[in-house]
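Take a look at the structure set out below.
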Amino acid sequence: MSQPAAAQILLDRFPNKVSGLVEFRGESSLYVAKDALHEVAAYCKDELGFDYLIDVSSVDHFGEEPRFEVVYELSILESSTHLRLKTKVSEDEPTVATISDLWPTADWHEREVFDMMGIRFDGHPDLRRILMWEGYPYHPLRKDFPLEGKPSDVPDVAFTDTAPLAGGPFVTAPTEGTTQVREPRARRAGDEPPQDKFLAEP
């Protein structure tokens, strides 16, 4: 089954719940209404044969509402057919149904999205943080989380403080040079890029 064929089947089967087909570089993406996500995902697995969940990720459209998207990358292993499902999630109600009962690998993916973005997955069997510690009050991949971090203190567990960025691993040099010149990993922290490397080379 081709990606466009699978996408069209979903559009026909769920006309009021699936929309927004986008074809780009041989990949098909669809938007699914949040209240139909589990139903559509189950149909993809049981009826269309998408037997592999590659990833679950999220996007923060800070300043817009709905603020978040949850993105599901599905595949049929035998034919290498790929399909992307997206659902929009409001900042006021950042929850969506788990699909870990359909693809067990969603367990850790959903925990990471919960940890880093603060989106909850209803019905998840063990929705705990997976990278940050329990009690950490922030979600570091949200766009309003500062690059230098925020101070926090969970007594007897861990604490964080802001990290100085000057010359640090996330600060590029303000030049018109190539990425290799701008990236601090290409030089010692604080070193000025060589003048003969400022302009992009052909």
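The values are calculated or read from the model by the stated rules, or taken from the named source; none is laboratory data. All values reported here derive from a predicted model rather than from experimental measurement. Here the Cβ is made from the backbone with ideal geometry for all residues, glycine too, and neighbour counts use every protein chain on show. Note: accessible area is taken over every heavy atom of the protein model, side chains too, but ligands, DNA and RNA are not part of it. Shrake-Rupley method; radii C 1.70, N 1.55, O 1.52, S 1.80 Å.
Scanning region 138-156 for residues that are open to solvent by less than 90 Å² (accessible area, probe 1.4 Å), in a loop (DSSP other than H, G, I, E, B) and farther than 30 Å from residue 103 by Cβ turns up 144, 146, 148, 149, 150, 151. Of all residues in region 79-91, those that are open to solvent by 40 Å² or more (accessible area, probe 1.4 Å), touching a residue at least 24 places away in the same chain (Cβ under 8 Å) and either of a type in the set (Gly, Ala, Ser) or closer than 13 Å to residue 67 by Cβ (or both) total 3.
Residues checked against (1) closer than 28 Å to residue 159 by Cβ; (2) in contact (Cβ under 8 Å) with a residue 12 or more places away in the chain:
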residue	(1), (2)
33	no, yes
43	no, yes
61	no, no
93	no, no
96	no, yes
104	no, no
129	yes, yes
135	yes, yes
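Among the residues making up region 105-137, those that are more than 12 Å from the chain's Cα centre (by Cα), open to solvent by 70 Å² or more (accessible area, probe 1.4 Å) and over 17 Å from residue 37 (Cβ atoms) are 108, 125, 128, 131, 134, 137. For residue 27, are the conditions met, namely being open to solvent by 40 Å² or more (accessible area, probe 1.4 Å) and modelled with pLDDT under 95? When the stated conditions are applied, residue 27 passes them. In region 139-158, the residues that are on the phi > 0 side of the Ramachandran plot reach residues that are open to solvent by 90 Å² or more (accessible area, probe 1.4 Å) and not aliphatic (A, V, I, L, M) with C-beta atoms within less than 9 angstrom, at least six apart or across chains, in these pairs: 149/161. The set of residues in region 54-92 that are among the polar types (S, T, N, Q) and in contact with a helix residue (DSSP H, G or I) (Cβ under 6 Å, 6 or more places away or on another chain) comprises 58, 81, 87.
The single condition from (1) at positive phi; (2) surrounded by 15 or more Cβ atoms within 10 Å (Cβ to Cβ) that residue 44 fails is (1).
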